Every structure is written in C-alpha cells, then in structure tokens.
Amino acid sequence: MRAVAVFPTEKKVSLIDDHPEPALESPTSVKLKVLEVGICGTDREICTFEYGEAPPQSPYFVLGHESFCEVIEVGSGVQQIKPGDLAVLSVRRPCPEMCPACRVGRQDFCYTGDFKERGIKKLHGFMTELIVEDQQYVYTVPRELREIAVLTEPLTVTEKAFDQLSTVRERMPWHDRASNSSTRNALILGAGPVGLLAAMKMVLEGFNTFVYSLGKGDAAKEKIMKDIGVTFIPAEDVKASDVLSPCGGHVDVVIEALGAATVSFEVLQALEQNAIFIFTGVPGRKAPIPFDLSDLMKELVLKNQLVFGTVNAGPAHFRSSIADLERFNVRFPQAVRGLITARIAMEQFAGPIDQPVGIKNVIQVN
Ligand SMILES: [Zn+2]
Ligand SMILES: [Zn+2]
C-alpha cells in the first residue's frame, strides 16, 4: 500500500508503495479506509526530525495522527460499528506498565511517558490507504460532518482544556450564578486551527471571546472570526502586555494556542484576579528568555491565578469534539468549513509540510 513514511535514522520522508496491508487482529478489530489526514505543527516537527519514533524493528513509521476514515470491515465481536460508518481515531495508546491513568483509559494523563502515539511515537500513523484499530479507539461520526470531521482531533485539545477548566472553575462557587456576560471573557492566543477551534468552542459556551494573534489583513481568518462573533486583536497593533484593554479590561480565561513563550508570559503577567491561563502549545527550542520570575510568582499568589498545561485527550473529549462539530456545523457552517484551506493528494504531501497555505491543510488519502 502507499504510505507517507518517516525514516528517523536516515532523516528522510518519502511516499512508499510497499507498506503492508493490515488484517483484522482480533474479534474487536476494525478495518478502515483512510479518507483524509490533517497536517499540523507536530507533523512538521516530525519531518524535521525533532521527534518521532518508529515501531521496534521498523526502519520507518507512517506519518499522520489527525484522521478521518470509513469503516470497511469489523471483527465478530464488534457491535456498535459497522462497515460504511464514518469514523475518527484517537492517537495515544497506553504504556506497557499500565500506570494508574492508562489502566482506566486515560493515557492522555500517562505517568510513565512510555505511551505510544499513532503517527508520532512507536506506532504507524494514518497517512496510508488502510488501517486496523481496536474498536475502543474508533469513534463514529455522523454523515453530515463528512467535510469537517478531520478537525475532530485538533478540537479535542480544547475539549480536554475546557473539561478541566469547568472543574477548576468550581473553586469559585459563584461563577455559574455570575453569568452576566461581563464576567465571562475568554482570550485565545493564536489564530491557527487549534486557536480558531478554541474560539468557536468558547463562543458556543457563552464566553465573550477575543483572539490575539498576528495576521492583520489575513482576509480568510478575519472573516472566520467575524462570522463566529469573536473580536480579533491584531498583535501587529497591540502589545501583549496591553492585551487586556481591548478585552474590556478583564479576562477570566486564556487559552494559549501559539507555542510562543514570550508573548504568553507577557499576557500572563497582565492578568487580574482569579484568572486561569491554559497552555496547549509547545514552544520550539530557543535561547533562554529573561523574565522577572519573582514578580510573576507574587502576582500568581496575590491574584489567586491558576496556570495549567494540557496535552492529548480522553475518550469523552473525542465524543464531545464530535458533538461540538455538529453544533459548529449548524451555527457556523461557513466558518468551520473555512478552517480547511486546502485538500492535497497524498503524492503532494511535501507541499503542505514544507509550505503550508492558509489555516488547515488536509491530505486526501483515498
Ligand atoms: Zn496534530
Ligand atoms: Zn501510562
């Protein structure tokens, strides 16, 4: 079969045509035809060999972790999934030690770090014609999401962040009662696919939502933000340390989807009482950044601020991501489709990896 293969030792990425076709492995296996695979920053870092690990005994691994597939065959023990269903797959698999998190299916919180990830770490990914997976990692998708279901995995980042946000907001027992809009301001840092999906989610959840990012004059992004009803704050015009004033002077929650440390910490330092700052981005390797840590520590304490990082997602987040895509599809049909800038044949995979265009680039596999 054809596959986009990463050879970490040889430091090359190429389209191969001899990747073996998988067969059902157990009564609970599901065989799927891959339709589309989204490309993100993680794939670009893998293709510059910053990370990524092949399965043992294999010189390569198949790239791709943002899947959208059609079921073609199921094992005898599979009841909820049938051939013809559309589906997406989760990415992370449990560690061999079966740590307390992995034991309950929450390998997104794995303690050991020995988890595997399809298309990233020790498992083949999805940029190939056919794949087989156990039913527990397969999530069926309604037909009306056909054009946007490939966004499920990137949206799970925000779904997990939002789930944790809901839990930590319990520390302020009045927060639900204080539902007048001035008390619910969300600021998203970054207007890439994760940031714009996060913006849609926060709008849906009733937050006044602001997006701070470079991209002034980017008509496609500005239209999406206008359509979903968020206020765009161009980083070209507003310094990170001044970002609160265009947000009406107050932000309850920041979702960082930028991967840039300096901007993030400048925003963090500008926040006020009880603010929650959620990191989802991974900064590239850069020289150390000087920062007044004593002042930051003082502010965090005296203002009851909360900072947390989040990665990957659990089964409930894949389900809520699909449910929210259905809501986006009704409420912002144009905007959510606008996130996918280009669909590219698998033979041309190198283009969107070297030089992505617009917002989300998707490889059409079948
Ligand atoms: Zn990704
Ligand atoms: Zn684990």
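Quickly work out the Q273-to-K82 label distance, labels modelled 7 Å from Cα along the C-beta direction, and quote it in nm with one decimal.
5.8
Report the semi-axes of the equivalent ellipsoid for the chain in whole Å, largest first, where each axis is √(5λ) for an eigenvalue λ of the Cα gyration tensor.
Those come to 35, 22, 21 Å.
So, in nm, how far is label K11 from label E97 when the simple model puts each one 7 Å beyond its Cα toward the Cβ?
The answer from the label model is 3.2 nm.
Could you calculate the FRET efficiency of R331 with K216 from 1/(1 + (r/R0)^6), where r is the beta carbon distance between them and R0 is 30 Å, rounded to 0.05?
The pair R331/K216 has a calculated efficiency of 0.70.
Measure off 7 Å from each Cα along the Cα-to-Cβ vector at Y111 and E144, then give the distance between these two points in nanometres to one decimal.
Spacing of the two 7 Å Cα→Cβ label points: 4.4 nm.
For the chain, set up a GNM with springs between Cα atoms under 10 Å and report which of A240, A191, A316 has the largest fluctuation.
A316
If you build the convex hull over the alpha carbons only and average its shadow over all orientations, what do you get for the stretch 155-309? Give it in nm² to one decimal.
Quarter of the Cα hull surface area: 9.1 nm².
What does the extension gain come out to for F49 and S166, with contour length at 0.36 nm per residue minus their alpha carbon separation?
So the chain would gain 38.5 nm between F49 and S166.
Structure shown: which of K11/K221; K31/K221; K160/K303; K201/K239; K11/K239 lie over 31 Å apart, alpha-carbon to alpha-carbon?
K11/K221; K31/K221; K11/K239
Mind checking the per residue accessible area of the chain for me, 1.4 Å probe, whole number of Å²?
On a per-residue basis, the chain sits at 45 Å².
If each residue of separation counts as 0.36 nm, what is the full-extension length gain between N366 and Q348 once their alpha-carbon separation is subtracted?
5.1 nm is the gain from fully extending N366 to Q348.
Restricting to DSSP loop positions (anything but H, G, I, E, B) with no more than 15 other Cβ atoms inside 10 Å of their own Cβ, which chymotrypsin sites (Phe, Trp or Tyr not before Pro) remain in the stretch 35-135?
Sparse-neighbourhood loop chymotrypsin sites (Phe, Trp or Tyr not before Pro): F49, Y51, Y111.
The values are calculated or read from the model by the stated rules, or taken from the named source; none is laboratory data. Quick caveat: nothing in here was measured; it's all calculated off a predicted structure. As a convention, Cβ positions derive from the backbone with ideal geometry for all residues, glycine included, and neighbour counts pool all protein chains shown. Side chains are part of the model used for accessible areas, which takes the heavy atoms of the whole protein and leaves out ligands, DNA and RNA. Shrake-Rupley method; radii C 1.70, N 1.55, O 1.52, S 1.80 Å.
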